[in-house]
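Trainee: Here it is: the structure, laid out below.
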Ligand SMILES: Nc1ncnc2c1ncn2[C@@H]1O[C@H](COP(=O)(O)OP(=O)(O)OP(=O)(O)O)[C@@H](O)[C@H]1O
Ligand SMILES: [Mg+2]
């Protein structure tokens, strides 16, 4: 299993939910976030050396998916969530050893 943690533009949550649901995933966690990347929260033309960091509103989305679905989902995310402008966000991908459903105590990828 892979955990994908995405920092996205707030308006891109709906397209992301569509991609996950099309791939038959319904479990996800969403949090409001503030952040900045390479441009320190400014558009490229206003970025100057030594400027303070300006945090912009983003959404943090975490979901765990099967290894075999990762590549397709990442491709679809790139297609649907990229605007071509700076600030589209990033995806951090990590391996997940196990998952347990608290209600039943079941483990393993079949419970995703
Ligand atoms: N290295 C990082 N670690 C943690 N969060 C990050 C990192 N880089 C970006 N983020 C988060 O992603 C959001 C969007 O980042 P952003 O898309 O601006 O990255 P970037 O590297 O500057 O790419 P671009 O040049 O396309 O803007 C940030 O507001 C921040 O919340
Ligand atoms: Mg940026």
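Trainee: What angle do you read, to the nearest 10 degrees and between 0 and 90, between the alpha-carbon axis of helix 13-22 and the longest principal axis of the chain?
Mentor: It works out to around 30 degrees.
Trainee: For the range 1-56, list log₁₀ I(q)/I(0) at each q in 0.17 Å⁻¹, using the Debye formula over Cα point scatterers of equal strength and ignoring solvent, two decimals each.
Mentor: -0.69
Trainee: While we're here: Tell me, what is the Rg over Rh of the chain, with Rh the Kirkwood radius over Cα pairs? List each step's numbers first, then the result.
Mentor: Values: Rg = 16.2 Å, Rh = 15.5 Å.
Over the Cα atoms of the chain, Rg/Rh equals 1.05.
Trainee: What is the Å³ per residue value for the convex hull set by the Cα atoms of the range 59-98?
Mentor: 78
Trainee: For n ≥ 4 DSSP H runs only, could you compute -39500 (n - 2.57) per run for the chain, divide by its residues and tell me the 222 nm figure to the nearest 500?
Mentor: It lands at -6000 deg cm²/dmol.
Trainee: Measure nothing fancy, just the Cα-based angle from helix 70-81's long axis to the longest principal axis of the chain, in degrees from 0 to 90, nearest 10.
Mentor: It works out to around 40 degrees.
Coordinate-derived values only; no laboratory data. Treat the numbers as computed from the prediction; the structure is a model and nothing was measured.
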